[in-house]
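Here's the structure we're looking at; comments come further down.
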Amino acid sequence: MFPTVYASYKKNENNTFSLNYGKRINRPRFDLLNPFKVYINSNSYSKGNPFLRHSFSDNFEFAHSYKEVLRTSVFVNVITNGYGVLFTSNPETNTQIVTRENYFKSLNYGIGESYSANFAEWWSSENSLYFLGAKTEFIKNINATPSNSLQIDFSTNNTFILGKTTKLQIDFSYSSPFESGLYEIGYASSFDIGFKQDLFNKTMQIAFLANDIFNTSYLKDFTSVVNGVKQVYSQNESNRFVRLSVVYNFGNKKINVKERAFGNQDEKKRTGN
């Protein structure tokens, strides 16, 4: 059974408290089970593990909301039989092997603050700041030592109304470098700009989006030490793109549902129904 339990208490118009718990199962994807080798280069290959098992997570959260503007949350996440990627190496053959194993259990915890505000009639903003930590234990002998550190996660999403028909969106997110179990992980950030313009009495919309402008949201400095060998991995599957879209709505907006209904009634009278 994987229950979800939620309780809420509204102390007054300004303060609301909530407590929730959920148990979940995380099943590995098919490609993680596929045992065939996929060569990355002449000295490195990746393969799945057909004996990989699912993991379980128990999630607890206590939250306080003030005027539905400021929200504080404290949460704990417990993972058992956790699985993930292992980078191993064979110094004799100078070969790197990327595989998957159920090798850890972890206790993840944190505290977060979310703030929604209208700084002016033309400026609304959604902001969040989280401090995250973890304690990891290896349940399989992989000849490595777990380590964990504090992680800071911040995001801000801002909408600016530049006129009755013009909107500007500016978003920024940042995750600090941190250590989590087997890995040390580099920072990630993203800076996005969006623009929307309505034309011809809102029958046409022009939208522009520049996503991850500085190309900094990819996985970088993914570092582990197994069998005394330090390995550093980066994967730049770039999220940077630019998109321009134009939408035009055809049709006569003066026709409403009531007019169509009257037309149907007249047709029925003519047919004798």
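Taken together, the values in this text are just the output of simple stated rules run on the coordinates, not laboratory data. Keep in mind the model is a prediction, meaning the values are calculated, not measured. Cβ: placed from backbone, ideal geometry, glycine included. Neighbour counts: every protein chain shown.
Each part reduced to its alpha carbon centroid, the stretch 53-85 and the stretch 5-27 end up 11 Å apart. What is the sum of charges, Lys and Arg at +1 and Asp and Glu at -1, for the other residues whose Cβ falls under 10 Å from the Cβ of residue 166? Cβ neighbours under 10 Å give a net charge of +2. Close amide H partners of residue 226, meaning residues 5 or more places away or on another chain with modelled amide H under 5 Å apart, are 231. Under the combined filter of DSSP loop state and at most 12 neighbouring Cβ atoms within 10 Å, the stretch 66-129 retains these GluC sites (Glu not before Pro): 68, 92, 121. Since only 245, 226, 174 are under comparison, the one whose Cα sits farthest along the positive direction of the charge dipole of the chain, derived from C-beta charges on Lys, Arg, Asp and Glu, is 245. Restricting the stretch 64-161 to trypsin sites (Lys or Arg not before Pro) that sit in a DSSP loop and have at most 12 other Cβ atoms within 10 Å of their own Cβ leaves 67, 140. Could you tell me which chymotrypsin sites (Phe, Trp or Tyr not before Pro) in the stretch 84-156 are loop residues by DSSP with no more than 14 other beta carbons within 10 angstrom of their beta carbon? Counting only loop positions with at most 14 other Cβ atoms within 10 Å, the chymotrypsin sites (Phe, Trp or Tyr not before Pro) in the stretch 84-156 are 122. Using a cut-off of 17 Å between alpha-carbon atoms, which aspartates and glutamates can reach residue 23, once sequence neighbours fewer than 8 places away in the same chain are excluded? Partners found: 58, 61. The Cβ shell under 15 Å around residue 122 holds other residues with a net charge of +2, Lys and Arg each +1, Asp and Glu each -1.
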